[in-house]
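Encoded as structure tokens, the structure appears first; notes follow it.
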Amino acid sequence: MAAAKAKGSKKDDGQKASDRLRRTSSASSVARSFLSGAIRKKGFAQVEVITRWPHIVGPDLADSTVPIDLRFPRGERMGATLVVRCEGAFAPLLTHKATRVIEMVNSFFGYAAVAKLEVRQGPLPRKRDRRPIAKAPLSADAKRNLTTLVGDGELSPLREAVKSLGEYVLSGAKKDK
């Protein structure tokens, strides 16, 4: 009887494992599981402060600031000091908006987690340029080759994406700097 239970539990374990493999999860939840340990070592108790910073403070402040540390008093979960880095010229404005930033962060947490904002001046990480790359016109030969590879007429969304990528590649389009 004990052997039957053991055998049944292995089957259940195998069933649960296969169910987990079929379930999809969002990229943010997977990334959060990888990042949370590393970010906690840097002093962030809540990973969301970094990952959701533009949502917390808005796009204008998020473009000019980066949270670098969140320090709680020992054994406490309230009264933290949030350290934010910004460019030198933006520091006086951020200092002026400190109470508003603290309110926004606390409303995100749902309680008075942050009591003080510390502003540090320094370089911010470079932002990716999101300007679209202009396609150059294709030669007749390149158009024929692309039509042969992808097809013609009404295309599926995937084939449309492949065709667009092919137009960029075959035209030799380069990003303006």
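Here are the numbers:
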| item | result |
| --- | --- |
| Per-pair calculated FRET efficiency, R0 = 35 Å: ARG120 and ARG77 via Cβ, rounded to 0.05 | 0.90 |
| Amide proton proximity set for ILE68, modelled H, under 5 Å, gap of 5+ | VAL83, VAL84, ARG85 |
| Zone residues, region 144-161, relative to TYR168, backbone N less than 13 Å from point 7 Å out along Cα-to-Cβ | 161 |
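Bear in mind these aren't lab numbers, they're just calculated from the coordinates by the rules spelled out. Computed from a prediction, not measured in an experiment: that's the story for all the values here. Virtual Cβ from ideal backbone geometry, glycine too; neighbours counted across all protein chains shown.
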